[in-house]
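The values are calculated or read from the model by the stated rules, or taken from the named source; none is laboratory data. Keep in mind it's a predicted model, so treat the numbers as computed, not measured. Positions of Cβ are generated from backbone atoms using ideal geometry, with glycine treated the same way; all protein chains shown enter the neighbour counts. Protein only, heavy atoms only, side chains kept; ligands, DNA and RNA dropped before computing areas. Shrake-Rupley method; radii C 1.70, N 1.55, O 1.52, S 1.80 Å.
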Amino acid sequence: MNLAGIYHRPESEMAYLYTKDVMHIRLKTAQDDINQVLLLHGDPYSLSSRPDLPKFYKHPTPMKKIHSDGVYDYWQAAITEPKRRLAYAFEVTDQNGSQLIYADKGFIQPTDQKALDDANTYFRMPYFQDIDAFHAPKWVEKTVWYQIFPERFANGDSTNDPTGTKPWDSQTHPGRQDFYGGDLQGVIDHLDDLKKLGVNGLYFNPLFKAPSNHKYDTQDYYQIDPHFGDAQLFKKMVALAHQKGMRVMLDAVFNHIGDQSPMWQDVLKYGQSSRYADWFHVNQFPATYTPTANFEFAKDATYDTFDYTPHMPKLNTANPAVQNYLLDIAKYWVREFDIDAWRLDVANEIDHHFWRRFHNEMLALKDDFYILGEIWHSAQPWLNGDEFTGVMNYDYTGAIISCLINHELSSQGLVNQLSRQLMLYRDQTNAMMFNVLDSHDTARIMTVAHGDDALVRQTLAFIFLQPGCPSIYYGTEYGMTGSSDPDCRKPMNWQPDAKALAMYGFVHDLIKLRQKNWQLIAQGTLSLAALPDNQGIVIKRQLHHKQLTAVFNTGRESLACQLAPIISQGLQKERLRPKGFMIAIQE
């Protein structure tokens with residue numbers, strides 16, 4: 001028995017309230033080392049205060065192996081306890097039949113009666129404190145997001161175009177400082193198109209006043225950029241979106257501010273004497289940098305910035321004045337305009353103390369508010385229920401792209417990586433993740449796939465079956481292309497050809513499938529399995545008597561497939577061709 005491979009951490013993603021009365025308990029063991037895990041669990045006080053009751057450790061609950069990641073096996077059980085307080089330990093049996101009990105004090109023998117009768121031996125959930133649990137807003141489970149980069153979505157009002165606005169051309173290759181005139185009126189004009197596509201969540205890149213086309217260099221957080229419209233128009237857009245059943249999420253850029261902001265300009269003017277000097281991380285006054293040929297790069301700034309961008313000085317969110325300023329902004333857009341969610345830019349570079357305050361302030365306004373953090377790595381510290389609801393799931397979706405499109409990862413490798421990612425978080429947290437294949441920060445998925453429609457469709461179908469919310473980057477439904485920023489920010493294609501319309505029809509059907517079966521996909525048990533010899537992957541979702549089965553051919557030969565699909569690609573005469581997939585649902 002590999003004792004070093006056996007691990008559990010209480011009050012974490014390995015032991016958490018799933019509902020107010022049900023706990024999920026997980027155990028991690030070295031892969032293929034343990035044959036059986038039994039969960040010994042019950043009211044800790046019963047061991048000494050209720051001699052009339054059977055000892056709870058004599059009536060264990062079998063745990064189920066739910067995932068393996070190539071290094072570890074993961075076991076899980078869902079349990080309840082009438083007194084809502086829990087002591088628990090794990091009885092593990094290895095492949096040779098050897099048994100040990102793993103508890104809070106380490107490993108004990110199953111015959112150690114003294115230890116078994118001592119409540120202090122066990123891991124504990126002292127009380128089921130629902131207020132401490134991760135509470136997921138239920139509407140998010142049903143949401144398919146649509147990401148809009150406002151400057152490039154649609155030009156609905158030419159009177160507010162910036163000077164030098166270029167003609168709308170979806171085939172062009174934008175420069176970093178180009179403008180094409182996209183605005184809020186353009187979004188309003190196309191809300192019915194988005195409703196027809198089936199999306200029910202709109203995620204906007206920054207809308208606030210800023211000199212750039214991307215608006216991540218905020219000048220005034222309280223003002224809609226005049227090139228996009230005004231507050232009245234934005235309020236109208238939110239109301240119309242809500243009428244059409246769409247939620248609205250804005251981008252909050254709180255890690256840094258634009259160098260044209262009044263606060264930073266005051267620092268430049270008055271230096272260390274500025275009332276805002278402590279709002280930033282200025283390492284040496286005066287705050288200076290040496291410009292380079294790249295507008296967004298300077299290596300010698302005397303102040304902390306986002307990346308090496310001298311025009312985005314980093315805010316000091318440990319300063320109470322900065323905290324209050326940013327929290328007032330966040331509350332203003334919820335209170336006055338009824339937005340439903342914030343996407344938090346560069347969220348991992350801001351202190352946890354601030355995000356906990358932010359979480360409490362937002363949920364005080366709307367108890368089902370969605371808080372999405374931009375984090376590109378493991379995000380456990382932010383996802384314990386007191387900061388973010390979910391994160392942009394780049395690690396998860398990146399593994400899918402590595403396997404299905406780039407062929408850098410085998411089908412078993414993909415199953416291993418996805419399993420590991422899923423076990424980093426609570427089940428209800430996984431259902432809140434934001435699953436992106438492409439965005440304003442990445443090359444478009446059609447370009448990554450070198451124009452291969454079949455691969456793009458297969459990857460989209462795979463994403464739509466995963467825990468978390470799928471997100472469509474504007475134009476992906478038409479197969480738009482574009483390499484990394486700024487090329488991924490081309491003007492929207494509003495004149496699709498037959499090939500683009502065919503992709504649109506496919507994405508529409510996927511969204512319809514997801515919306516119709518959201519509960520099965522969001523709440524059903526998940527099984528991932530790799531077929532032998534890198535032939536493909538089988539996904540199964542089970543909820544009550546309803547089961548979804550999907551097969552994805554990632555190999556070079558066709559596969560036998562006899563299920564009757566509701567949506568498929570490359571399936572002919574019960575053979576599934578390479579790049580093909582099929583999804584079947586049985587009730």
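I'd like the residue in the range 47-56 that is within 17 Å of Ala115 (Cβ to Cβ) and surrounded by fewer than 19 Cβ atoms within 10 Å (Cβ to Cβ) and, out of all such residues, is modelled with the highest pLDDT. Before the answer, list the steps.
So the first thing to find is which residues in the range 47-56 are within 17 Å of Ala115 (Cβ to Cβ), and the list is 47-48, 55-56.
Add one more test, that the residue is surrounded by fewer than 19 Cβ atoms within 10 Å (Cβ to Cβ), and what stays is 48, 55.
On the way: Ser48: 92, Lys55: 95.
Going through the qualifying residues, I end up with Lys55.
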Next item on the list: Could you please let me know if Gly413 is touching a helix residue (DSSP H, G or I) at 6+ places or on another chain (Cβ under 9 Å) and part of a helix (DSSP H, G or I)?
Entry: yes
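Can you pull out every residue in the range 1-37 that is in a loop (DSSP other than H, G, I, E, B) and among the polar types (S, T, N, Q)? First the steps, then the outcome.
Looking only at the range 1-37, we keep the residues that are in a loop (DSSP other than H, G, I, E, B), and these are 1-2, 6, 8-11, 13-14, 18-22, 31-33.
Asn2, Thr19, Gln31, listed by residue number.
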Checklist line | Lone unmet requirement of (1) open to solvent by less than 30 Å² (accessible area, probe 1.4 Å); (2) part of a helix (DSSP H, G or I) for Pro467 | finding: (2)
Check: So which of Asn406, Asn384, Asn348 ends up being of a type outside the set (A, V, I, L, M, F, W, C), more than 30 Å from Ala77 (Cα to Cα) and not in a helix (DSSP H, G or I)?
Finding: Asn406
Notebook entry, point to check: If you go through the range 255-286 one residue at a time, how many are touching a residue at least 24 places away in the same chain (Cβ under 8 Å) and assigned to a loop (DSSP other than H, G, I, E, B)?
Noted result: 7
Next item on the list: Kindly establish whether Asp368 is in a loop (DSSP other than H, G, I, E, B), surrounded by fewer than 19 Cβ atoms within 10 Å (Cβ to Cβ) and touching a Phe, Trp or Tyr at 6+ places or on another chain (Cβ under 8 Å).
Entry: yes
Next item on the list: Working only within the range 393-410, note down all residues that are hydroxyl-bearing (Ser, Thr, Tyr), touching a helix residue (DSSP H, G or I) at 6+ places or on another chain (Cβ under 7 Å) and under 15 Å from Val456 (Cα atoms).
Entry: Thr397
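Scan the range 486-498 residue by residue and report those that are closer than 25 Å to Glu151 by Cα and either open to solvent by 40 Å² or more (accessible area, probe 1.4 Å) or not charged (D, E, K, R) (or both). Give the steps one after another, and end with the answer.
Filtering the range 486-498 for residues closer than 25 Å to Glu151 by Cα gives 486-497.
Pro486, Cys488, Pro491, Met492, Asn493, Trp494, Gln495, Pro496, Asp497, listed by residue number.
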Next item on the list: Answer yes or no: is there a residue in the range 34-46 that is open to solvent by 20 Å² or more (accessible area, probe 1.4 Å) and within 30 Å of the chain's Cα centre (by Cα).
Entry: no
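Select from the range 535-566 the residues that are part of a loop (DSSP other than H, G, I, E, B) and either open to solvent by 30 Å² or more (accessible area, probe 1.4 Å) or closer than 28 Å to Ala431 by Cα (or both) and list them in ascending order. Before you say what the answer is, go through the steps one by one.
Just the residues of the range 535-566 that are part of a loop (DSSP other than H, G, I, E, B), to begin with: 535, 544-545, 554-558, 561-566.
Once the filter is applied, which keeps residues that are part of a loop (DSSP other than H, G, I, E, B) and either open to solvent by 30 Å² or more (accessible area, probe 1.4 Å) or closer than 28 Å to Ala431 by Cα (or both), the range 535-566 yields Gln535, His544, His545, Thr554, Arg556, Glu557, Ser558, Gln562, Leu563, Ala564, Pro565, Ile566.
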Next item on the list: Would you be able to say whether some residue in the range 109-119 is touching a residue at least 60 places away in the same chain (Cβ under 8 Å), of a type outside the set (A, V, I, L, M) and at positive phi?
Entry: no
Item checked: Hits in the range 62-97 (condition: of a type in the set (Val, Ile, Thr) and closer than 30 Å to Gln412 by Cβ) -> Ile66, Val71, Val92, Thr93
Next item on the list: Could you look through the range 273-295, keep only residues that are of a type in the set (Phe, Trp, Tyr), over 14 Å from Tyr308 (Cβ atoms) and within 35 Å of the chain's Cα centre (by Cα), and pick out the one that is surrounded by the fewest Cβ atoms within 10 Å (Cβ to Cβ)?
Entry: Tyr276
Margin query: Looking at (1) over 29 Å from Gly390 (Cα atoms); (2) modelled with pLDDT of 95 or more; (3) in contact with a Lys or Arg (Cβ under 8 Å, 6 or more places away or on another chain); (4) not small (Gly, Ala, Ser), which one does Cys561 not meet, given that it meets all the others?
Written below: (2)
Note to self: Please count how many residues of the range 92-140 are closer than 30 Å to Leu372 by Cα and of a type in the set (Phe, Trp, Tyr).
What the structure shows: 4
Notebook entry, point to check: Looking at (1) among the aromatic types (Phe, Trp, Tyr); (2) open to solvent by 10 Å² or more (accessible area, probe 1.4 Å); (3) closer than 19 Å to Phe208 by Cα, which is the only condition Trp376 fails?
Noted result: (3)
Margin query: Restricting to the range 119-167, give me the number of residues that are in a helix (DSSP H, G or I), in contact with a Phe, Trp or Tyr (Cβ under 9 Å, 6 or more places away or on another chain) and among the small types (Gly, Ala, Ser).
Written below: 1
Notebook entry, point to check: Name the pairs whose Cβ atoms lie under 8 Å apart, with the first residue in the range 236-254 and farther than 11 Å from Ile339 by Cβ, the second open to solvent by 10 Å² or more (accessible area, probe 1.4 Å) and of a type in the set (Lys, Arg), and 6 or more positions between them or separate chains?
Noted result: Lys244/Lys195; Gly245/Lys195; Met246/Lys195
Next item on the list: Give the range 506-525 a look and list any residue that's open to solvent by 30 Å² or more (accessible area, probe 1.4 Å) and of a type outside the set (D, E, K, R), or say none.
Entry: His508, Gln515, Trp518, Gln519, Gln523, Thr525
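Find the residue count for the range 572-583, including only residues that are of a type in the set (A, V, I, L, M) and more than 26 Å from the chain's Cα centre (by Cα).
Of the residues in the range 572-583, 1 are of a type in the set (A, V, I, L, M) and more than 26 Å from the chain's Cα centre (by Cα).
For residues that are of a type outside the set (A, V, I, L, M) and in contact with a strand residue (DSSP E or B) (Cβ under 8 Å, 6 or more places away or on another chain), scanning just the range 356-379, find the one that is modelled with the lowest pLDDT. Break it down stepwise before answering.
Going through the range 356-379, the residues of a type outside the set (A, V, I, L, M) turn out to be 356-361, 366-370, 373-374, 376-378.
Restricting the remaining residues to those that are in contact with a strand residue (DSSP E or B) (Cβ under 8 Å, 6 or more places away or on another chain) gives 358-359, 369-370, 373-374, 376.
Numbers: Phe358: 98, His359: 98, Phe369: 98, Tyr370: 98, Gly373: 97, Glu374: 96, Trp376: 90.
In this case the residue turns out to be Trp376.
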Notebook entry, point to check: Which residues, taken from the range 180-204, are among the aromatic types (Phe, Trp, Tyr) and either surrounded by fewer than 19 Cβ atoms within 10 Å (Cβ to Cβ) or within 18 Å of Leu233 (Cβ to Cβ) (or both)?
Noted result: Phe204
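Criterion first (assigned to a helix (DSSP H, G or I), in contact with a helix residue (DSSP H, G or I) (Cβ under 8 Å, 6 or more places away or on another chain) and open to solvent by 10 Å² or more (accessible area, probe 1.4 Å)) does Phe462 satisfy it? Show your work before the answer.
Values: assigned to a helix (DSSP H, G or I): yes; in contact with a helix residue (DSSP H, G or I) (Cβ under 8 Å, 6 or more places away or on another chain): yes; open to solvent by 10 Å² or more (accessible area, probe 1.4 Å): no.
No, not satisfied.
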Checklist line | Pairs, first of a type outside the set (Val, Ile, Thr) in the range 540-553, second at pLDDT 95 or above and in a loop (DSSP other than H, G, I, E, B), C-beta under 6 Å, six or more apart | finding: Ala550/Leu465
Checklist line | Pairs where the first residue, in the range 410-439, is free of Cβ contacts under 8 Å to residues at least 60 places away in the same chain and the second is surrounded by fewer than 24 Cβ atoms within 10 Å (Cβ to Cβ) and charged (D, E, K, R), C-beta under 8 Å, 6+ apart | finding: Gln421/Asp395
